[in-house]
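The values are calculated or read from the model by the stated rules, or taken from the named source; none is laboratory data. Since we're looking at a predicted model, the values are computed, not measured. Methodologically, a virtual Cβ is constructed for each residue, glycine included, from the backbone with ideal geometry; neighbour enumeration extends over all protein chains shown.
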Amino acid sequence: MSLKTQAKVLRVLQEQTMEAVGGTAHIKVDARVLAATNKDLQAEIRAGRFREDLYFRLNVIPIFVPQLRDRRRTSRCWRITSWPSSRANTAAASRASSPARARCSSTTRGRQRP
């Protein structure tokens, strides 16, 4: 996101008003923002590519999700229980052992789904 766009987003979050394109009237905005990135925002701030004030405005409740390659068991369960994408995969999916499916479903019990 460009620095100019970051400034506009920050203004909307702070003042809770915005102006429509080509308009002159201010529109009241009540918004909640859920933002995600694959970049290291601290490094982006140091490099001058991300506004520090916008970072602190967005970083209210940080949620860190490990990469799939770091969650081997979860990704294995996902492969076993995912929907097949072709007819060939349908036969393979139907042959998947039910104990494997049971293990995967038991590891996700008790977790809240979004």
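Okay, residues lined up against (1) outside any loop (DSSP other than H, G, I, E, B); (2) loosely packed, with under 10 Cβ neighbours inside 10 Å; (3) modelled with pLDDT of 65 or more:
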position	(1), (2), (3)
Gly22	no, yes, yes
Arg32	no, yes, yes
Asn38	no, yes, yes
Ile45	yes, no, yes
Gly48	no, yes, yes
Arg76	yes, no, no
Ala88	yes, yes, no
Ala91	yes, no, no
Ala96	no, no, no
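Looking at region 50-72 only, could you name the residues that are closer than 23 Å to Arg11 by Cα and not in a helix (DSSP H, G or I)?
Phe50, Arg51, Asn59, Val60, Ile61, Pro62
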